[in-house]
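Since the structure comes first, as structure tokens, the remarks are kept for the end.
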Amino acid sequence: LSVCLCIFTSGTDTRAQSTEIDSVSSLASSDQVTGVVDLLQLTPLPGHQHPPVVTAMAIHHATNTLVAAGDDHAIRWIDLKNGATLKTLTGHSDWVRQLQFIEQGTKELKLLSCGDDGQLIYWTWQQGPSPVHPSIMLQC
């Protein structure tokens, strides 16, 4: 049985990367790491000059999309095929630290986000040019 592990990482260089590892036992050996691929670099928001540092990511497998948050407090919904930003979600006032899609089998996309601003936000939207509906679930 052959298993390929894919790890997504981000850092202060403002890039998100995907790394494939041939087997779990090879994690300690860098010669078994194959294909480090730059996935994306977030586009600066209007009025910002530099790309934000990626602080959180989550993949939506059914739509082949990814959400990525930056230190600019925005969440971007990105098409993995071409890297295009499909929507920008704003509502946090500090760094977003965690993103999690829920109920991936439905047509409506549902996302939870939490950040250093003490908010847990529940986002819903349809694919395409539809509005995003944020609901603050928790405010600490």
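Below, the figures for the structure above:
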| item | result |
| --- | --- |
| 1 or more residues of a type in the set (A, V, I, L, M, F, W, C) and under 14 Å from Ala62 (Cα atoms): qualifying strands (runs of 3 or more DSSP E) within the stretch 77-118 | 96-102, 108-115 |
| In the stretch 89-109, the residues that are open to solvent by 30 Å² or more (accessible area, probe 1.4 Å) and either more than 20 Å from Val54 (Cβ to Cβ) or modelled with pLDDT under 90 (or both) | Ile102, Glu103, Gln104, Gly105, Thr106, Lys107, Glu108 |
| Top-ranked residue of the stretch 119-140 - restricted to ones that are part of a loop (DSSP other than H, G, I, E, B) and open to solvent by less than 60 Å² (accessible area, probe 1.4 Å), ranked as nearest to Asn64 (Cα to Cα) | Gly128 |
| Breaking point among (1) of a type in the set (Val, Ile, Thr); (2) free of Cβ contacts under 8 Å to residues at least 40 places away in the same chain; (3) closer than 16 Å to Leu112 by Cβ, for Ile78 | (3) |
| Single condition Ser2 does not satisfy, out of (1) at pLDDT 60 or above; (2) part of a loop (DSSP other than H, G, I, E, B) | (1) |
| Residue list for the stretch 72-85, restricted to those being surrounded by fewer than 16 Cβ atoms within 10 Å (Cβ to Cβ) and within 19 Å of Pro46 (Cβ to Cβ) | Gly83, Ala84, Thr85 |
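Table: residues versus (1) at pLDDT below 85; (2) over 16 Å from Leu109 (Cα atoms); (3) touching a strand residue (DSSP E or B) at 6+ places or on another chain (Cβ under 7 Å).
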| site | (1), (2), (3) |
| --- | --- |
| Glu20 | yes, yes, yes |
| Val24 | yes, yes, yes |
| Leu39 | yes, yes, yes |
| Met57 | no, no, yes |
| Ala69 | no, yes, yes |
| Ala74 | no, yes, yes |
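The values are calculated or read from the model by the stated rules, or taken from the named source; none is laboratory data. Predicted, not measured: the structure shown is a model, and the values here were computed from it. Virtual Cβ from ideal backbone geometry, glycine too; neighbours counted across all protein chains shown. Just so you know, the surface numbers come from the protein's heavy atoms only, side chains and all, with ligands and any DNA or RNA stripped out. Shrake-Rupley method; radii C 1.70, N 1.55, O 1.52, S 1.80 Å.
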